[in-house]
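A quick write-up on the structure given underneath.
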Amino acid sequence: MKTDVAIVGGGPGGTAHALFLAQRGISSVIIEKDGFPRYHIGESLTGECGNCLRDLGLAEDMHRAQHPVKWGVTVYGPEGKNSFWIPVMGRCPEKGLVEASTWQVRRSDFDAMLMNKATEAGATLVQGTASAALRDNGSVRGVQVEMADGGTQDIEAQVVADASGMATFLCNAGVTSEKGRGTYDKQVAIFAQLSGAIRDEGKMQDNTLIFYRLKNHWAWFIPLDGEIVSVGVVVPSSYFLSRKESKHDFLVRELGELNPELKRRLPEFKLTDEVRAISNYSYEIKRYTGKGWLCIGDAHRFIDPVFSFGLYFSMKEAQQAAAHVDAYLGGANRDAENPFAEFQRNSERGMNVIQDALDAFWDHPLAFAFFAHTRYVNDFIDLFAGRVYADSPSRGVQAIQAINEQGRMKAQAAAMS
Ligand SMILES: Cc1cc2nc3c(=O)[nH]c(=O)nc-3n(C[C@H](O)[C@H](O)[C@H](O)COP(=O)(O)OP(=O)(O)OC[C@H]3O[C@@H](n4cnc5c(N)ncnc54)[C@H](O)[C@@H]3O)c2cc1C
């Protein structure tokens, strides 16, 4: 089989890439190992992730499917008393910041909808597991697929886009540089869905709530429909192991103990889904583009779920990559050592802003709170929405970079003395 672009992985990164390519008249083949619908974690979208869906013309479909509308996030401090609110706001050239909303998604429905849209737009779905990269003189020219029936099939492509998520297909195939550990590598997330939660009222009923206990110890609360809420507890792996509890018992106890406000919201709840866990999810691949190939979103880096940026990075990079692939197929950068170097520079810049914000949030919480709620409020609204790709960082981003740098210098000085 031959195609312009072979996309490994039919999650939101892969299907969004197929859809953005189709908008440009570029054909693609999506290789997906799982049958859809299937469970996946990652349910809360940033404001700009909502705009990726609008750019794909899917806003009506999102409303028709009744995905809950998210207007913002409330973060509760350790005693459950202090909280801060981050609204989802858009930016408009004439008016500045404007009220906006995005969505929460049950991934089984959302991913299946995107897959249907991608195939309706002309992408071909190949049900199978990408097992090897076809290589040619330092470039990648396609993918070998193990088909569901046990046979193999080669898919020849001008570009291979890896959107395989945490499976990091091109890394395992030895194409990218090695996978390094991320800063939040020693964490574990334990999560499930439940009914019986107390939500906010009116149009705020479907917002995300975050409950903070200690550094790297927090919980999420993400409404998935009128009844069901996704809940998860994220803690250092060492703490989870020290408790010697099953995932189920750990989650249920933490939901009652982690934060008084979380406890208040779960007076009598019923778990409606199995309790799942993911550990050591933070990693980074430094070189993730090259001749005839590139990686999108989780396929090259995942930082941490606390600010709900995973889906946005995958879908935004899918959009940005489509423009670079279009130019490449049109002849641009054909002889360059790395035709997708500019895509990599830009996507890295966005992820680095969020890494900086996370580091400051955990390591310098007081300074972070002052910057976010008093000093650089609008810059932080932009940051949380996902407007993180500017050539020069905003003053708010510069402030968190400076505070992180001071922290690093202090730590170095302490280590040397
Ligand atoms: C605990 C936790 C909570 C999270 N919460 C949020 C959140 O609230 N909001 C948010 O935006 N993000 C969240 N995320 C991140 C989010 O889950 C991911 O960033 C997102 O799913 C990435 O999308 P993707 O399309 O790149 O990859 P995936 O959604 O992982 O899709 C990859 C697809 O590739 C397929 N695949 C893999 N290998 C192969 C292969 N060799 N051949 C064929 N197919 C293959 C898989 O079956 C899968 O369908 C969270 C992550 C974690 C760990």
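Out of the residues in region 27-86 that are hydroxyl-bearing (Ser, Thr, Tyr) and within 16 Å of the ligand (Cβ to nearest atom), state the one that is surrounded by the fewest Cβ atoms within 10 Å (Cβ to Cβ).
Applying the filter and picking the extreme gives Tyr39.
Quick check, is Ser242 closer than 22 Å to Asp304 by Cβ, in the same structural domain as Asn207 (by TED's automatic domain parsing) and either more than 25 Å from the chain's Cα centre (by Cα) or not polar (S, T, N, Q) (or both)?
When the stated conditions are applied, Ser242 passes them.
Between a residue in region 354-382 that is touching a residue at least 40 places away in the same chain (Cβ under 8 Å) and in a helix (DSSP H, G or I) and any residue that is surrounded by 20 or more Cβ atoms within 10 Å (Cβ to Cβ) and acidic (Asp, Glu), which pairs come within a Cβ distance under 7 Å, given they are 6 or more apart or on different chains?
Correct list of pairs: Leu358/Asp304.
Which numbered condition trips up Ala219, out of (1) part of a helix (DSSP H, G or I); (2) within 18 Å of the chain's Cα centre (by Cα); (3) of a type in the set (Gly, Ala, Ser)?
Going through the list (1) part of a helix (DSSP H, G or I); (2) within 18 Å of the chain's Cα centre (by Cα); (3) of a type in the set (Gly, Ala, Ser), Ala219 breaks only (1).
Given the conditions (1) out of contact with any Leu (no Cβ under 6 Å at 6 or more places or on another chain); (2) within 25 Å of Ser282 (Cβ to Cβ); (3) crowded, with 19+ Cβ neighbours inside 10 Å, which single one is not true for Thr176?
For Thr176, the failing item is (1).
Kindly establish whether Ser230 is exposed (fewer than 13 other Cβ atoms within 10 Å of the Cβ) and either within 16 Å of the ligand (Cβ to nearest atom) or not in a strand (DSSP E or B) (or both).
Here the answer is no, as Ser230 does not meet what is asked.
Given Ala6, Ala18, which one is under 30 Å from Asp382 (Cβ atoms), within 12 Å of the ligand (Cβ to nearest atom) and touching a Gly at 6+ places or on another chain (Cβ under 9 Å)?
None of the others qualify; the one that does is Ala18.
Would you check which residues across region 84-121 are among the β-branched types (Val, Ile, Thr) and either in contact with a Gly (Cβ under 8 Å, 6 or more places away or on another chain) or closer than 16 Å to Arg54 by Cβ (or both) and list them?
Ile86, Val88, Val98, Thr102, Val105
Identify, from the list Ala372, Ala336, the residue that is small (Gly, Ala, Ser), more than 16 Å from the ligand (Cβ to nearest atom) and under 29 Å from Arg54 (Cα atoms).
Just a single option satisfies the conditions, and that option is Ala372.
The values are calculated or read from the model by the stated rules, or taken from the named source; none is laboratory data. Remember, it's a predicted structure, so these values are computed and weren't measured experimentally. Cβ atoms come from the backbone with ideal geometry, glycine included; neighbour counts cover every protein chain shown.
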